[in-house]
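A quick write-up on the structure given underneath.
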Amino acid sequence: MEMSVEIVGHAPAFVMVAETAADVAVREALLDRAMGPKRRKKSSEKLRRGRRPSEGLAFVARDASGTVAGTVRLWDVTLGEGGKAALLLGPLAVDPSLKSAGIGSALMRHAIAEAARLGHAAILLVGDAPYYGRFGFSAARTGSLAMPGPYERHRLLALELVEGALDGVHGTLKAAGRKLKAQELTSAA
C-alpha cells in the first residue's frame with residue numbers, strides 16, 4: 001500500500017512506499033547522517049541485529065525524483081520469555097536537510113496504519129514521549145517491560161493497536177521474526 005503526502009510549501013510531494021533491496025545502502029547512509037555512528041550501540045539495535053524487519057513493515061519516503069528522504073522499520077519481538085508478540089518500531093529517520101517537513105509524521109502514520117491492517121496488536125519503541133505521544137504512544141503500559149541493555153525507562157513507549165494487547169505483559173523484550181540470510185548479514189555490516 002502506498003501513501004502520498006503533499007508537504008505544504010515544499011515543491012515535491014513525498015510518497016511512503018515499501019523499502020526495496022536497492023534502498024539498503026541509501027537507508028544506512030541516511031541513518032548515519034541523521035543519527036550518527038553511536039546508533040549501532042543502542043539497546044533497540046540488539047533486537048534488530050541479524051533479523052529482517054517484520055513482513056511488509058519496512059518503508060521509505062521518496063521525493064518526486066525518487067530519492068529516499070526518510071525511513072522507518074518495524075521488527076517482530078516477544079514481550080518477555082514466551083510472551084505475547086508485538087512490534088518494535090525503529091529507527092525512524094528523516095534526512096537532516098528535510099527536518100520539520102512532516103515526513104517523519106507521515107512515516108509514523110503509515111507504519112501504524114499498516115501494522116494495524118496486517119493484524120498486529122501492539123507497537124513499542126524507545127523515544128521521546130512529546131514526539132511519539134501525538135501518535136498515541138505512552139509509557140503507561142510499559143512499566144513491567146524492559147529492553148535488553150541500557151535504556152531510559154521513561155522512553156520505553158507503547159501503542160496498543162488492539163485494546164488489552166498489553167494486559168499482563170512483563171519481562172525483557174526478545175528478538176523474534178525472520179533471520180537475515182548469510183549474504184544479507186555481510187552486506188548489512
| field | Difference of contour (0.36 nm per residue) and Cα-Cα distance, residue 174 to residue 49 | value | 43.8 nm
| said: Can you tell me which aspartates and glutamates have their Cα less than 17 Å from the Cα of residue 174? Leave out same-chain residues fewer than eight positions away. | reply: 45, 76, 81
| message | Please compute the length gained on full extension between residue 67 and residue 38, using 0.36 nm multiplied by the number of residues separating them and subtracting their Cα-Cα distance. | response | 8.0 nm
| request: Give me the number: length gained by fully extending residue 140 to residue 21, i.e. 0.36 nm times residue separation minus the C-alpha to C-alpha distance, one decimal in nm. | output: 39.2 nm
| said: Could you tell me the relative contact order of the range 3-188? Use alpha-carbon pairs under 8 Å, at least six residues apart, and round to a whole percent. | reply: 24
| note | The summed charge of the residue 53 Cβ neighbourhood (under 9 Å; Lys/Arg +1, Asp/Glu -1) stands at +2
| field | Label zone at residue 155, where the point sits 7 Å out along the Cα-to-Cβ direction: the range 36-75 residues whose backbone N lies under 19 Å | value | 36-49, 71-75
| message | Need one number for the range 3-188: average projected area of the convex hull over its C-alpha atoms, nm². | response | 10.4
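Computed from the coordinates by the stated procedures, all read-outs in this text should not be read as laboratory data. Small disclaimer: the values here were computed from a predicted structure and weren't measured. Note that each Cβ is placed from the backbone with ideal geometry, even for glycine, and that neighbours are counted across all protein chains shown.
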